[in-house]
Structure formats: C-alpha cells, structure tokens
Amino acid sequence: MSETPETIVRKGSCLCGDISYAIHGNPLFSVYCHCTQCQRTDGAAFVSAMHYPSSAFSWTYAADKEPAVEPIKGCTLYRCKSCRSCAATQMSDNQNWALRSTQLERDENGKIKNWDGVKPSGHIFYGTRVVDVADDLPKWEGFPGSKRIG
Ligand SMILES: [Zn+2]
Ligand SMILES: [Zn+2]
C-alpha cells in the first residue's frame, strides 16, 4: 500500500531522543515563525513550525520518560528533561500542536523524510523578525491570512 498525504506518519524527537512524537498526515500549515516567544524559547532568529490539529498528534516516548510541562503565554511547552529541547508546543485556544519540522526524522543523507508535505510556505509574525529573509514566500504580520507585510 502506498503512502498518501493523508496516511503518511512522520516522527519527531528532541535532541537526545528521549521525547518523541508521531504526526499523521500533512499539517494545517507549515511556516517560519518569527514571534518573540519562539525567538526566546528556542534562542533562534526564527523557527520552522508545523501546526497540526490535536487529533493528528501522539506522543511516542517510552513509559519511563516524560517531558517537562511549562505553561507560557497562550501555549504550553513540552521540554525534554534530559537535553532541554522543546519537543512540542500546544496552543491554549484551539489545542493545536506546533512542532518544529527540523526535529523530524532524517534519511541517510541528513535530509528530512517526506519534506515536501511539510515544507514551510510562508513567514508568520514577520513584524518581530530579527533578520530579513529574501525569499518569495508570503510574509504575514500574525498567523497565515493576517495582514501581508511582505
Ligand atoms: Zn532530549
Ligand atoms: Zn512563534
């Protein structure tokens, strides 16, 4: 049976692999997020974030592991207790999960498996960017569909 965008399962994990998850199908949207919370929690200029409905997400870590749960404004961070990577973020309002596409499984060449379906298609919260990105993707002030600013 061949995989379709609906049946594909992607696996992601933190740096050390203690905390892992599986996501079913393609995301609601996949973007580069320039919000100040991503900048602060990840220590990065921007984060490649895939948003999934809660029904498409499941934890897959071993029974003797569990992430640290850290509520912040508007969402909850799930951070690995060993390597401290943020493995997943759940939005408080709609319960959607925001997951870093850079944490997905790689092939033998270091490329993310099934990248096409999760490749970012825009930049969100671009108003608080710390670096200009000269690509052709749409740039939104907030979430996709908000005011275009690039
Ligand atoms: Zn870890
Ligand atoms: Zn963000």
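The values are calculated or read from the model by the stated rules, or taken from the named source; none is laboratory data. Because the structure is a prediction, the values reported are computed rather than measured. For neighbour counting, all protein chains shown are included, and Cβ atoms are generated from backbone atoms with ideal geometry for every residue, glycine included. Areas reflect the complete protein model, heavy atoms only, side chains present, ligands, DNA and RNA absent. Shrake-Rupley method; radii C 1.70, N 1.55, O 1.52, S 1.80 Å.
Worth pointing out:
- Considering (1) more than 16 Å from ligand 1 (Cβ to nearest atom); (2) open to solvent by 10 Å² or more (accessible area, probe 1.4 Å); (3) over 21 Å from ILE149 (Cα atoms), the lone condition that CYS35 does not fulfil carries the number (3).
- The single residue among ALA49, ALA44, ALA62, ALA56 that is out of contact with any Lys or Arg (no Cβ under 9 Å at 6 or more places or on another chain) and closer than 13 Å to ALA98 by Cα turns out to be ALA56.
- Pairs are defined by a Cβ separation below 9 Å, a sequence spacing of at least 6 or placement on different chains, a first member in region 26-39 that is under 8 Å from MET50 (Cα atoms), and a second member that is hydroxyl-bearing (Ser, Thr, Tyr) and not in a strand (DSSP E or B); the pairs so defined are PRO27/SER101; PHE29/SER121; SER30/SER101; SER30/SER121; VAL31/SER121.
- Scan region 10-31 for residues that are open to solvent by 60 Å² or more (accessible area, probe 1.4 Å) and either within 14 Å of GLN103 (Cα to Cα) or touching a Leu at 6+ places or on another chain (Cβ under 8 Å) (or both) and the total you get is 3.
- Look at (1) away from ligand 1 (no atom under 15 Å from the Cβ); (2) farther than 15 Å from SER48 by Cα; (3) outside any strand (DSSP E or B) and you find that ASP64 fails only one, number (1).
- Matching entry among ASP64, ASP18 (being among the charged types (D, E, K, R) and without any contact (Cβ under 8 Å) to a residue 12 or more places away in the chain): ASP64
- Where GLN103 falls short, out of the listed (1) within 25 Å of LEU137 (Cα to Cα); (2) open to solvent by 40 Å² or more (accessible area, probe 1.4 Å); (3) of a type outside the set (Val, Ile, Thr); (4) within 16 Å of ligand 1 (Cβ to nearest atom): (2)
- Filtering ALA49, ALA44 for residues that are assigned to a loop (DSSP other than H, G, I, E, B) and within 12 Å of ligand 2 (Cβ to nearest atom) leaves a single hit, ALA44.
- When GLN95 is tested against the conditions (1) within 13 Å of ligand 2 (Cβ to nearest atom); (2) not hydroxyl-bearing (Ser, Thr, Tyr); (3) not in a strand (DSSP E or B), the lone failure is (1).
Okay, residues lined up against (1) touching a strand residue (DSSP E or B) at 6+ places or on another chain (Cβ under 8 Å); (2) open to solvent by less than 40 Å² (accessible area, probe 1.4 Å):
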residue: ASP64; (1), (2): no, no
residue: ALA68; (1), (2): yes, yes
residue: LYS73; (1), (2): no, no
residue: SER85; (1), (2): yes, yes
residue: GLN90; (1), (2): yes, yes
residue: LEU99; (1), (2): yes, yes
residue: PHE143; (1), (2): yes, no
residue: GLY150; (1), (2): yes, no
